[in-house]
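The block underneath contains the structure these notes are about, expressed in structure tokens.
The values are calculated or read from the model by the stated rules, or taken from the named source; none is laboratory data. Source: prediction; values computed, not measured. Cβ atoms come from the backbone with ideal geometry, glycine included; neighbour counts cover every protein chain shown. Side chains are part of the model used for accessible areas, which takes the heavy atoms of the whole protein and leaves out ligands, DNA and RNA. Shrake-Rupley method; radii C 1.70, N 1.55, O 1.52, S 1.80 Å.
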Amino acid sequence: MFEDYRARHVGDTLTVRIAEKVSATQSATSTVDKKASVDAGITALPGVKPNSFELGRTAANANGTNKFEGSGTTENTNDFSGTITAIVTGVLPNGHLLIAGEKQIGVNHNVDVLRFTGHVDPRAILPGNTVQSAQIANVRIEHRGRGQMSDAQGIGWLARFFLNLLPV
């Protein structure tokens, strides 16, 4: 009667407000220069007349240069938001809740599947039995699609074979 109902037992439901933003940037630049030079000549050999060495015939020169320059940048940004209702699948000895939820939405021969799992501290549960995804530990969010849309965005097996055989 005086208690605010919050999920705490196996089978209880909990609404998760997903608000995840992840971004990463990486940049690298490298430069390598190497130069080498060798000059050699023969002026005398035992048993050979000293005047038999003509100027220019017995000289050798070698030069080498090696230069490498490279740079690269990687950038990745993900923004994921939504709401899913999860079920308490277990209670840890410290009282934290193990939750899991799945949502499937099908439209015009396409099915989108959203799966969510994590560990919730019961103190993070807000009134209305909701919790922010940022307050959940060990979060796993998986969003996959099946159908014509996902097939159109995937690469075919024959194209994948040729890309592995002759990468460009």
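Things to note:
- Criterion: at pLDDT 85 or above and loosely packed, with under 14 Cβ neighbours inside 10 Å - qualifying residue of N66, N108, N94: N94
- Matching residues in the range 111-136 - criterion: being in a strand (DSSP E or B) and open to solvent by 50 Å² or more (accessible area, probe 1.4 Å): D112, R115, T117, H119, L126, Q132
- Candidates T85, T89 - the one that is more than 27 Å from S23 (Cα to Cα) and modelled with pLDDT of 90 or more: T89
- Residue satisfying condition, being modelled with pLDDT of 75 or more, of a type in the set (A, V, I, L, M) and surrounded by 10 or more Cβ atoms within 10 Å (Cβ to Cβ), within set V16, V48: V16
- Residue within the range 78-85 that is part of a strand (DSSP E or B), open to solvent by 100 Å² or more (accessible area, probe 1.4 Å) and not aromatic (F, W, Y) present: yes
- Flag for G145 being open to solvent by less than 70 Å² (accessible area, probe 1.4 Å), modelled with pLDDT under 80 and assigned to a strand (DSSP E or B): yes
- In the range 84-115, the residues that are in contact with a strand residue (DSSP E or B) (Cβ under 6 Å, 6 or more places away or on another chain), among the aliphatic types (A, V, I, L, M) and free of Cβ contacts under 8 Å to residues at least 12 places away in the same chain: I105
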